[in-house]
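Structure, as structure tokens:
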Amino acid sequence: MSENKADLTRFLSEEAMKHDFGGLEVLVAGGFVEVTHVQSTNEARDLTHFVANHEEADTRMVLHAVHSDCESVVVSVRDTDVLLLFIYHFEQMICKKCWIMCGTYRERKYIPIHEVCQKLKPNQMKHLLAFHAVTGCDTTSKLASVTKTGAWKHYTEENSALLSGLGATSDLASDVLDNIEQFVVQALYKVGPDITMSNAARVSLFGAVKVLEFLPPTSDALRLHILRCHYQVFVWKNSHVAFPELPDPKNCGWKVEGGRYVPILMTLPSIPKSCPEFSVCGCKGLCNTKQCGCRKEPWVPCTKLCKCRAKCLNGAGDDDDE
């Protein structure tokens with residue numbers, strides 16, 4: 001599939017440069033066999049700033065916009081990643097106004113990037129790319145039960161500061177990793193201010209969620225997710241650089257299988273082997289009768305997910321009981 005897309009892109013790029021655009025200057029970059037090759041219908045055009053080794057068109061569009069000397073720029077794209085990229089990099093652009101053109105042929109829509117930037121608070125815009133990657137984008141996973149809309153409501157200047165440092169350098173510092181984990185559990189899963197680790201958040205929310213899948217990821221899985229986010233944000237933040245030096249994806253939560261990069265979801269089991277199986281009972285009493293299914297063989301203790309909330313003779317009781 002990837003080879004077919006490359007062949008199609010190369011064909012379109014080569015055929016486009018054969019077309020007569022009636023005096024309109026057209027520049028094509030990144031679609032040829034040689035990744036750094038660039039062609040323009042204006043032979044006098046200096047193509048130095050357009051030569052790059054970017055693999056994705058998303059970042060290449062930003063690169064060209066940053067080096068454009070036009071007062072106004074219109075980008076035709078329907079992609080959330082690109083929209084946020086232009087918001088983040090707008091202050092580096094020479095142009096005074098920039099629009100994202102989207103919608104359909106019959107109903108065009110223009111999103112004014114310059115106006116959106118004015119409405120965002122400084123820290124919100126500064127850490128916007130980190131927020132987008134952590135909450136899920138094209139290359140990173142979505143966190144269970146966390147929606148973009150819900151996450152944005154809790155994306156304040158105060159907690160957005162926890163995202164500082166993600167993608168800032170090629171290496172992810174341990175304190176940045178800790179801060180991102182704290183942002184996820186406190187801002188996205190809304191646990192108490194004294195909880196900063198995802199494993200502790202899972203314990204706190206156990207029994208308070210409708211299904212176990214809605215619990216935060218384990219710290220092991222979350223930190224691998226953060227590593228992948230770090231790599232993606234680093235790529236985004238260096239969109240204005242023609243030849244960025246990117247970190248090795250294999251050091252950022254990815255591995256190679258069958259010639260392709262696939263995410264490492266976890267290195268530890270989500271449930272330890274020593275943890276016994278448990279069931280969810282609907283007993284209303286103390287779970288002390290023969291009618292209680294939880295007391296039948298094999299015996300399984302009640303948990304906070306049971307209707308009795310484990311406050312019975314078959315459970316561990318309250319946290320203070322022990």
Applying the gyration tensor rule to the Cα atoms of the range 175-280 (axes a ≥ b ≥ c; rounded if a/c under 1.5, else prolate if a/b exceeds b/c, else oblate), the class is oblate
Filtered hits (aspartates and glutamates, Cα-Cα < 15 Å from Lys109, offset >= 8 within chain) -> Asp79
Expressed in angstrom and rounded, the centroid-to-centroid distance over alpha carbons for the range 130-196 and the range 30-50 is 38
To the nearest 20 debye, the chain has a Cα-centred charge dipole, built from +1 on Lys and Arg Cβ and -1 on Asp and Glu Cβ, of 1660
Too long for a 28 Å Cα-Cα cut-off, among Lys126/Lys210; Lys97/Lys250; Lys142/Lys255; Lys142/Lys250; Lys153/Lys307; Lys126/Lys190, are Lys126/Lys210; Lys97/Lys250; Lys153/Lys307
Quick calc: nm separation of the 7 Å Cα→Cβ label points for Lys307 and Leu268 -> 3.5
Length gained if Val51 through Asn288 is fully extended, taking 0.36 nm per residue and subtracting the Cα-Cα distance, is 77.8 nm
One would report the antiparallel percent of DSSP beta bridges in the chain, rounded to the nearest 5, as 65
The size of the Cβ-based charge dipole (Lys, Arg +1; Asp, Glu -1) of the range 8-156 about the Cα centre, to the nearest 20 debye, is 920
Looks like the range 5-82, by Cα gyration tensor root eigenvalues a ≥ b ≥ c and the a/c under 1.5 rounded cutoff (else prolate when a/b is bigger than b/c, oblate otherwise), is rounded
Counting only protein heavy atoms and rolling a 1.4 Å probe, one gets per residue an accessible area for the chain in Å² of 60
With -39,500 (n - 2.57) per DSSP H segment of 4 or more residues and division by the full residue count of the chain, the 222 nm estimate, nearest 500 deg cm²/dmol, is -9000 deg cm²/dmol
Rounded to a whole %, the carbon-and-sulfur portion of the accessible area of the chain at a 1.4 Å probe is 53
For Leu12, placing the label point 7 angstrom along Cα-to-beta-carbon and taking the range 74-94, residues whose amide nitrogen sits under 18 Å are 75-83
If every Lys and Arg gets +1 and every Asp and Glu gets -1 at its Cβ, then about the Cα centre the range 45-105 yields a dipole, in debye to the nearest 20, of 220
Packing-ranked peptide list from 182-190, 229-237, 56-64, highest mean Cβ count within 10 angstrom first, is 229-237, 182-190, 56-64
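The values are calculated or read from the model by the stated rules, or taken from the named source; none is laboratory data. This structure is a prediction, so every number in the text was calculated from the model and none was measured. Neighbour counts are summed over all protein chains in view; Cβ atoms, including those assigned to glycine, are modelled from backbone coordinates with ideal geometry. What goes into the accessible areas is simple: the full protein's heavy atoms, side chains included, and nothing from ligands, DNA or RNA. Shrake-Rupley method; radii C 1.70, N 1.55, O 1.52, S 1.80 Å.
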